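Structure record follows, encoded as structure tokens.
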Amino acid sequence: MDFKLIATRTKKIIKFQNHIFRFRSTSSTRDQSTLWECAVDNCPAHVKLNKDNSKIIKSNDKHKHSNSGPGGEHRRSDAASTSDSSQNSSPSLSRMNSLNETSVPVAKQADPNNSTETVVAASTFDSENLLPDNQSILSMGTPATDISTNTFNGNNSTSIFSATPLVRDQTKDLRFQIHSLTQEIINKQIQIDNLNEKAEQDREELERIKNKAEFDEAELKRLRFKSEEDDKIIKEMIESIRTLEGLPDKKNSNTKLKNGPTTTKQKKMSSEKCQTVISPRCAIPPRAPREVQFSNTNKSISTPTTEARTTRLVVFGDSHVRNLKNHLEKELPGSYQIHTHFKPGGTFQAIANSISSNDLKYEKVFVMAGTNDVCHSSWTEIENAVIEISTMFKDRTVFLVVVPQRGENCIMNKYVNIFNKNLKLLARRLCNVECIEINHIFDYQDFCGDKLHLNRGGKIKLCRRISLYAQGKSKRQEISKNTTHDETHRV
């Protein structure tokens, strides 16, 4: 059985019994026969060649289509069935058929079925590098177009097969496909770039939202922690206020019920006892009479004289006691030995702990503390500290200077007044403790810029108040002394 194998640039086809067979790509060709099927779709006709493609070993001639011409004009070639250029190939076939009908009859050529020679179609154009990444036209898999030219002359029919494809139509078709694919690739690349840009923007937005959420969470934690601390401080202040307001009233009522009118007597007896104990130390020598003569009379008056004795005075306290020694030396006589022991920021308990056995030798004891205890220390601690100081100096009087108010109108002065009230009630219960009221002698000009500590003028007023209690003078003498000593301390 004679057949003709035609190889184009991209495909191989077989012409057998005036039919075109194409290679079936799904068949395995390794050391086996190759299978070729009819170029018409859904046609079961096929042939099998040996592995050298030189002989037909099996064939199926049952075609399910009509062969209207000797050349099979109405059959679709492999190129027409696999490419998208069917519209371009049909006009080419019609033009070739009309040309053959009007042409002069040609000499009879050799029957192409008698030869097994392979004819290769030559390319008359160069491929253009139109695809990205320098892809060639052949990589697109577009098959060559198989064209058969049939000429009829009377009863004799001659079939002429042209091995050269229509180059112009193929080139135009390929260029159109390349242009379409290139445009599609460009569009896809633009879409990819847009998607990448959108993804980057979404990533940045997500990062920004995450950072904002972390910042908001940290700020919320800080505010929550601050709120908890404020709640604790408020609760402590409320508890201290309730303790200061409620506890002294109960103790005062209990003291009145238990002691009754005997409290004053006990206090007088204790003071007499203290004086009895102190009097042996400070024994007064016998008085010596002296004569005083007046110029206008000749009378002589005998007056008793006493020798000067030394009185040791000490002031314990917090930062309010700083520089009080210099002012007290100007207010008290030279027979007083003045000492000050102060602990900045100290509470009643800290001052009580700082008193040693060497400090028990002083005859006059003054304590000025409590500024650092208001709204900070519990009343039990304050009461225990005052009782401890009273016990240390049980044979003499301890003068407690009340807490000075702030130098401005603030709510803290309310708590200072409550504290001083409780301190006075506690002093009444103790036989050797006496409070010194000082808040009525100060005004806003007697305070430093912090409105907490006394300035020079305020400390001068404080020392005058202390000197009166040290010498046992009355308040009336205090008023006269304030008016006569103003010029002494002016700078």
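Can you find a residue in segment 341-352 that is assigned to a strand (DSSP E or B) and either of a type in the set (D, E, K, R) or under 17 Å from His320 (Cβ atoms) (or both)? Spell out the reasoning first.
The first filter runs over segment 341-352 and keeps only residues assigned to a strand (DSSP E or B), leaving 341-342.
So of that shortlist, the ones also either of a type in the set (D, E, K, R) or under 17 Å from His320 (Cβ atoms) (or both) come out as 341-342.
Yes; the residues of segment 341-352 include at least one that is assigned to a strand (DSSP E or B) and either of a type in the set (D, E, K, R) or under 17 Å from His320 (Cβ atoms) (or both).
Among the strands (runs of 3 or more DSSP E) lying completely within segment 1-64, list those that include at least 1 residues that are under 27 Å from Leu174 (Cα atoms) and at pLDDT below 80. Before you say what the answer is, go through the steps one by one.
Working: elements: 4-7, 12-16, 19-23, 34-38, 46-49, 56-60.
Correct list: 4-7.
If you take the residues of segment 353-370 that are among the aliphatic types (A, V, I, L, M) and either surrounded by 15 or more Cβ atoms within 10 Å (Cβ to Cβ) or not assigned by TED's automatic domain parsing to the domain that holds Arg429 (or both), which of them is nearest to Ile411 (Cα to Cα)? Full working, then the answer.
Filtering segment 353-370 for residues among the aliphatic types (A, V, I, L, M) gives 355, 360, 365, 367-369.
Narrowing further to those that are either surrounded by 15 or more Cβ atoms within 10 Å (Cβ to Cβ) or not assigned by TED's automatic domain parsing to the domain that holds Arg429 (or both): 355, 365, 367-369.
Details: Ile355: 33, Val365: 32, Val367: 25, Met368: 22, Ala369: 20 Å.
The qualifying residue nearest to Ile411 (Cα to Cα) is Ala369.
Answer yes if at least one residue in segment 380-396 is surrounded by 19 or more Cβ atoms within 10 Å (Cβ to Cβ), part of a helix (DSSP H, G or I) and within 45 Å of the chain's Cα centre (by Cα), and no otherwise.
Yes; the residues of segment 380-396 include at least one that is surrounded by 19 or more Cβ atoms within 10 Å (Cβ to Cβ), part of a helix (DSSP H, G or I) and within 45 Å of the chain's Cα centre (by Cα).
Is it the case that segment 401-414 has a residue that's in a helix (DSSP H, G or I) and among the β-branched types (Val, Ile, Thr)? It would help to see each step written out before you state the result.
At the first step, the residues of segment 401-414 found to be in a helix (DSSP H, G or I) are 412-414.
Checking which are among the β-branched types (Val, Ile, Thr) leaves us with none.
No, segment 401-414 has no match at all.
Scan (1) within 30 Å of Ile178 (Cα to Cα); (2) at pLDDT below 75; (3) touching a strand residue (DSSP E or B) at 6+ places or on another chain (Cβ under 8 Å) for the single condition Ser94 breaks and write down its number.
(3)
Looking at (1) more than 30 Å from Asn358 (Cα to Cα); (2) without any contact (Cβ under 8 Å) to a residue 24 or more places away in the chain, which is the only condition Arg406 fails?
(2)
Can you tell me how many residues within segment 314-334 are among the charged types (D, E, K, R), assigned to a helix (DSSP H, G or I) and either within 56 Å of the chain's Cα centre (by Cα) or not assigned by TED's automatic domain parsing to the domain that holds Cys463 (or both)? Let's see the steps before the verdict.
So in segment 314-334, the residues among the charged types (D, E, K, R) come out as 318, 322, 325, 329-331.
Still in the running and assigned to a helix (DSSP H, G or I): 325, 329-331.
Subset that is either within 56 Å of the chain's Cα centre (by Cα) or not assigned by TED's automatic domain parsing to the domain that holds Cys463 (or both): 325.
Here the count works out to 1.
Mind checking whether some residue in segment 441-462 is touching a residue at least 24 places away in the same chain (Cβ under 8 Å), crowded, with 17+ Cβ neighbours inside 10 Å and more than 54 Å from the chain's Cα centre (by Cα)?
yes
Given the criteria in contact (Cβ under 8 Å) with a residue 40 or more places away in the chain, assigned by TED's automatic domain parsing to the domain that holds Asp450 and crowded, with 20+ Cβ neighbours inside 10 Å, does Asp373 qualify? Show your work before the answer.
Details: in contact (Cβ under 8 Å) with a residue 40 or more places away in the chain: yes; assigned by TED's automatic domain parsing to the domain that holds Asp450: yes; crowded, with 20+ Cβ neighbours inside 10 Å: yes.
So Asp373 fits the description; yes.
The values are calculated or read from the model by the stated rules, or taken from the named source; none is laboratory data. In this text the structure is predicted, and so the values were computed from the model without any measurement. Here the Cβ is made from the backbone with ideal geometry for all residues, glycine too, and neighbour counts use every protein chain on show.
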